[in-house]
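Quick note: the coordinates plus some simple rules give every number you see, no bench work behind them. The structure presented is a predicted model; accordingly, all values stated were derived computationally and were not measured. Cβ placement follows ideal geometry from the backbone for every residue including glycine, while neighbour counts extend to all protein chains displayed.
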Amino acid sequence: MSYPIELIRHSLAHVMAAAVKKLHPDVKFAGGPAIENGFYYDFDTEYRFSEEDFAAIEKEMRELIKSNGRFEQKIVDLAEAKQIFADQPYKMEWLNEYDAAGEKLSIYTFRDFTDLCRGPHVESSKDLPRDGFKIRTVAGAYWKGDSKNKMLQRIYVDAFASKEELEEFLKMQEEAAKRDNRKLGKEMDLFHFEPEYAPGAVFWHDKGFKVYRRLIDFIRETQNRFGYLEISTPTVMERSLWERSGHWAKYASHNYSGKTLDGKDFCVKPMSCPGGMLVYAQGIKSYKDLPLYLAEFGKVNRYEASGALAGLMRVRELTQDDAHIFCTEDQMQEEVIKALNLIKDIYSKLGFTKILFDLETRPDSEFRIGSDEVWDFAEDTLRKALDTAGVEYIVAEGEGAFYGPKICAYLWDAIGRKWQCGTVQLDMNLPERFDLSYIGEDGEKHRPIMLHRAMLGSIERFFGILLESTGGNLPLWLSPEPVVVVPVSEKYREYAEKVVADLRAAGVYTRADLRDEKVNYKVRELSLSKTPIIAVVGEKEQADKTVTLRRLGVEKQEVISLADFVSQMADAIKMPA
């Protein structure tokens with residue numbers, strides 16, 4: 001029988017817990033779910049797990065799998081559950097908090113290990129792969145994610161349905177490590193981080209900041225062609241603004257805030273939506289003004305746990321390519337389709353062709369605002385827009401924003417990893433909270449619909465995705481140094497500077513490497529820093545008005561006239577239209 005991978009991973013988590021129990025009988029169990037690419041389990045024991053323990057745990061897991069043990073479910077009441085887990089404090093804490101009089105509980109037993117679990121599981125361990133898993137690491141994790149609680153030991157495991165799938169994943173992970181944005185950022189002199197002084201914030205170096213600005217310019221020029229107006233709103237605003245929008249209630253723990261000397265509460269901007277609405281509210285709007293596109297490259301700050309920070313992929317200070325589209329009910333489906341098409345087009349021009357969307361519906365949350373009727377209408381509109389646009393999508397129940405359903409765009413990078421980037425969110429609730437209106441054809445006030453739209457999402461994160469997907473070999477139009485000119489000796493410095501001057505006059509950023517080093521040393525160092533084109537000049541090149549080109553990743557050199565090279569480079573660095 002073939003089982004879904006999530007069920008296999010869930011069952012393997014119980015097998016690992018049983019293996020750990022056999023090796024360390026005094027261990028206390030917290031819990032562990034299936035996650036993307038595997039699973040984890042949290043343990044409490046005086047013994048400190050390390051890499052030296054991984055082989056023994058894996059061996060014991062294989063022995064247990066070979067034993068063909070069954071996963072047996074039993075339904076018990078609360079009193080019986082407390083008897084079963086009397087020596088397991090974390091299970092007891094959960095049971096003591098459990099408040100559902102008369103309701104039965106599900107437990108599963110595999111060999112000598114019993115756990116509170118709704119299931120389901122595979123029928124027997126014979127249905128599990130013996131060579132489809134590998135322990136990745138062990139890390140600290142607070143019980144219930146609360147730093148006030150005890151630190152447990154979390155063992156992470158990569159798990160797949162077969163040995164072949166695991167090996168393919170591990171190769172991808174090995175390749176991903178080579179492409180890690182932090183490693184490339186250092187090698188290419190793009191950026192760095194200062195965890196002591198500004199954790200989760202990027203220190204852009206000149207070359208990295210060139211790429212950052214170029215990405216923003218690309219989005220800006222694209223938006224300009226489609227009639228977007230660019231605005232900028234304050235970085236620090238009164239806390240009451242975020243309370244009015246509902247963001248404070250839901251995200252207060254992620255906000256940077258504090259009191260000023262006059263006793264007022266202020267908040268560092270965690271998102272741009274309220275500011276965009278305040279701009280819209282200035283002056284009377286007519287139906288003839290809609291749709292109105294307000295874009296902002298807003299610098300926002302959100303407190304993320306230190307353990308979650310991961311180079312450019314997870315930061316505390318980020319720049320979003322936000323836009324807020326204000327439209328009528330009659331216009332909103334068409335505007336959603338326009339936004340989806342724009343996202344697809346942007347991604348393809350950046351080299352990403354495999355794209356999937358998902359429709360994220362109303363969350364089951366105390367923070368959700370708006371009536372079910374409004375949510376029904378908004379979800380139906382997004383569903384129709386996706387169907388009309390003819391894009392591939394799935395439905396993610398309960399994953400919408402607190403103010404409205406959304407469409408998320410996922411892309412795949414060059415080594416097969418999936419990343420969530422752009423979003424289109426349909427919001428009929430915040431315009432109500434901010435009393436936004438426009439004058440309709442009937443001369444009466446009407447409430448606009450607001451679409452929250454981001455294409456790249458976080459510029460920093462997208463930079464990281466692009467950097468890792470290309471392995472640092474950025475397209476020429478994005479490269480911070482498309483070409484570096486290298487004279488073979490001091491005698492040809494003047495000609496090297498002429499090459500630089502001609503390229504710069506054509507709009508191509510370049511420089512001459514005039515260090516007192518051997519040519520081969522310079523070429524090797526520039527290649528390691530991912531310089532796309534190295535133009536070497538010497539006696540022959542100077543006499544013939546040519547350059548000798550070494551292209552990154554290409555062994556064969558190329559000799560070309562200076563005039564042709566300048567012309568080619570001027571075309572090559574143009575942003576895609």
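Taking the Cα centre of the stretch 353-469 as origin, sum charge times position over the Cβ atoms of Lys and Arg (+1) and Asp and Glu (-1), and report the length of that vector in debye to the nearest 20.
Here the size comes out at about 520 debye.
With just the Cα atoms of the chain, tell me how far they stretch along each of the three principal axes, in Å, largest first.
Computed over the chain, the largest-to-smallest principal extents equal 91, 71, 55 Å.
List, in the order given, every pair from Lys299/Lys349; Lys74/Lys126; Lys134/Lys406; Lys186/Lys406 whose Cα-Cα distance in the structure shown is over 32 Å. Don't skip to the answer; put the middle values down first.
On the way: Lys299/Lys349 25 Å; Lys74/Lys126 21 Å; Lys134/Lys406 36 Å; Lys186/Lys406 36 Å.
From Lys299/Lys349; Lys74/Lys126; Lys134/Lys406; Lys186/Lys406, over 32 Å: Lys134/Lys406; Lys186/Lys406.
Mind giving me the nanometre distance, one decimal, between the label points for Glu36 and Asp87, set 7 Å out from Cα along Cα→Cβ?
3.9 nm
For the chain, what is the mean residue ellipticity at 222 nm derived from helices alone (per DSSP H run of n ≥ 4: -39500 (n - 2.57); sum divided by total residues; nearest 500 deg cm²/dmol)?
On the way: 18 runs with 206 residues, N = 577.
About -11000 deg cm²/dmol.
Which value in Å is the Kirkwood Rh of the stretch 192-266 over different Cα pairs? The partial results should precede the final answer.
On the way: mean 1/r = 0.0625 Å⁻¹.
Kirkwood hydrodynamic radius for the stretch 192-266: 16.0 Å.
For every other residue with a beta carbon closer than 13 angstrom to the beta carbon of Tyr256, add +1 if it is Lys or Arg and -1 if Asp or Glu, then tell me the sum.
Details: positive: Arg239, Lys259, Lys269, Lys299, Arg302, Arg316; negative: Asp265, Glu304, Glu317.
After counting each charged neighbour, the total is +3.
For Ser306, what is the net charge nearby, where nearby means another residue's Cβ is under 12 Å from its Cβ and Lys, Arg count +1, Asp, Glu -1?
On the way: positive: Arg314, Arg316; negative: Glu196, Glu304.
Within the 12 Å Cβ shell, the charges total 0.
Dipole of the chain, Cα-centred, from +1 at each Lys and Arg C-beta and -1 at each Asp and Glu C-beta, to the nearest 20 debye? The partial results should precede the final answer.
On the way: 80 positive and 95 negative charges, 296 e Å.
Here the size comes out at about 1420 debye.
Nearest 10 degrees, 0 to 90: what angle lies between the long axis of helix 163-178 and the longest principal axis of the chain (Cα atoms)?
Its long axis makes an angle of about 40 degrees.
Averaging over all projection directions, find the projected area of the Cα convex hull of the stretch 5-173 and quote it in nm² with one decimal place. The partial results should precede the final answer.
On the way: hull surface 39.3 nm².
Spelled out: convex hull of the Cα atoms, projected over all directions, averaged, 9.8 nm².
What does the charge dipole of the stretch 203-262 about its Cα centre add up to, to the nearest 20 debye, if the Cβ of each Lys and Arg holds +1 and the Cβ of each Asp and Glu holds -1? Before the final figure, lay out the partial values.
On the way: 10 positive and 7 negative charges, 45 e Å.
Around 220 debye, computed over the stretch 203-262.
Just to verify a number: FRET efficiency for Lys518 and Tyr303, C-beta to C-beta distance, R0 = 56 Å, to 0.05? Don't skip to the end; give the middle numbers.
Numbers: r = 49 Å, r/R0 = 0.88.
Result of the calculation: an efficiency of 0.70.
For the Cα atoms of the chain, what angle does the longest principal axis make with the long axis of helix 519-528, in degrees from 0 to 90, nearest 10?
Roughly 40 degrees between the two axes.
Which listed residue (Val336, Asn224, Ala201) has the Cα farthest towards the positive end of the charge dipole for the chain, taking +1 on Lys and Arg C-beta and -1 on Asp and Glu C-beta about the Cα centre?
Ala201
Ranked highest first by the average count of other Cβ atoms within 10 Å around their residues, in what order do 425-437, 127-139 fall?
Details: 425-437: 20.2, 127-139: 18.4.
Descending mean neighbour count gives 425-437, 127-139.
Considering only the other residues whose Cβ falls under 15 Å of the Cβ of Val236, what net charge follows from Lys and Arg at +1 and Asp and Glu at -1? Walk me through the numbers on the way to the answer.
On the way: positive: Arg239, Lys259, Lys264, Lys269, Lys299, Arg302; negative: Glu238, Asp262, Asp265, Glu317.
Local charge sum for Val236: +2.
What is the helix-to-structure angle for 493-505, meaning the angle in degrees between its Cα long axis and the longest Cα principal axis of the chain, kept from 0 to 90 and rounded to the nearest 10?
It is inclined by approximately 70 degrees.
What number, in nm² with one decimal, is the all-direction average of the projected area of the convex hull of the alpha-carbon atoms of the stretch 483-572? If you can, show how the numbers build up before the last one.
Values: hull surface 20.9 nm².
Convex hull of Cα atoms, orientation-averaged projection: 5.2 nm².
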